[in-house]
Amino acid sequence: MERVTVDLISTKEFSHVNKGYNPKEVDEFLDDICDEMERMEAEIKDLRQKTTAVHPAAPVAAEENATAVPSEEITNQFREILTTAQQVKDETIRKAKEDAEAIRAKAEAEATERLDGLSEERDALTRQITELKATAASYRQQFEQLLAAQQEALEKATELF
């Protein structure tokens, strides 16, 4: 028996008999089978590419030879693939943790730097406020002295009249 492929299903011709199945229904069903086989073949091809990308040292057998590979060898290949996938996962997690720690450390450093800058700014503003208060007190004292001198001058001027 020849290998069943999408092309074989698509081109297969059946003889017609008076009693039997509806040819249109059979054709539609065979079309559905072809669509599913094409989807499965594409998925198999995609998985083989991913397997090769993950574990290039284990070449994937050609489609014609796939059934000739002993199941123990396939099991071992899948174990290798799973082991490699586990290693990739572990490495990815480790790298993600390192990256997260680096980001956290950088954020902490930036926050500390900002806080230090804000503390310096606060201290500078506090000094300015203190200086302004001292200047205001000095102006007030000078103003009070000026008012006292003006009042004294008015009192002397009043004595003259």
Subject >> Verdict on ALA157 being out of contact with any helix residue (DSSP H, G or I) (no Cβ under 8 Å at 6 or more places or on another chain), of a type in the set (Gly, Ala, Ser) and surrounded by 10 or more Cβ atoms within 10 Å (Cβ to Cβ) >> reply: no
**OP:** Would you tally the residues in the stretch 44-57 being more than 26 Å from the chain's Cα centre (by Cα) and at pLDDT 85 or above?
**Re:** 3
Subject >> Pair list, Cβ under 8 Å, 6 or more apart: the stretch 80-93 residue free of Cβ contacts under 8 Å to residues at least 60 places away in the same chain and exposed (fewer than 10 other Cβ atoms within 10 Å of the Cβ), other residue part of a helix (DSSP H, G or I) and of a type outside the set (D, E, K, R) >> reply: none
**OP:** Take the residues in the stretch 1-16 that are in a loop (DSSP other than H, G, I, E, B) and not acidic (Asp, Glu), then tell me which one is nearest to the chain's Cα centre (by Cα).
**Re:** THR5
Original post:
Only one of these conditions is not met by THR84: (1) in contact with a His (Cβ under 7 Å, 6 or more places away or on another chain); (2) modelled with pLDDT of 95 or more. Which number is it?
Top reply: (2)
Original post:
Within the stretch 17-34, is even one residue assigned to a helix (DSSP H, G or I), modelled with pLDDT of 80 or more and closer than 30 Å to GLN87 by Cα?
Top reply: no
Original post:
Does PHE14 satisfy the criteria of being surrounded by 11 or more Cβ atoms within 10 Å (Cβ to Cβ), modelled with pLDDT under 75 and aromatic (Phe, Trp, Tyr)?
Top reply: yes
**OP:** Could you tell me whether VAL60 is in contact with a helix residue (DSSP H, G or I) (Cβ under 7 Å, 6 or more places away or on another chain), surrounded by 10 or more Cβ atoms within 10 Å (Cβ to Cβ) and at pLDDT below 85?
**Re:** yes
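The values are calculated or read from the model by the stated rules, or taken from the named source; none is laboratory data. Here the structure is a predicted model, which means the values were calculated and not measured. A quick note on method: Cβ atoms are made from the backbone with ideal geometry, for glycine too, and the neighbour counts reach across all protein chains shown.
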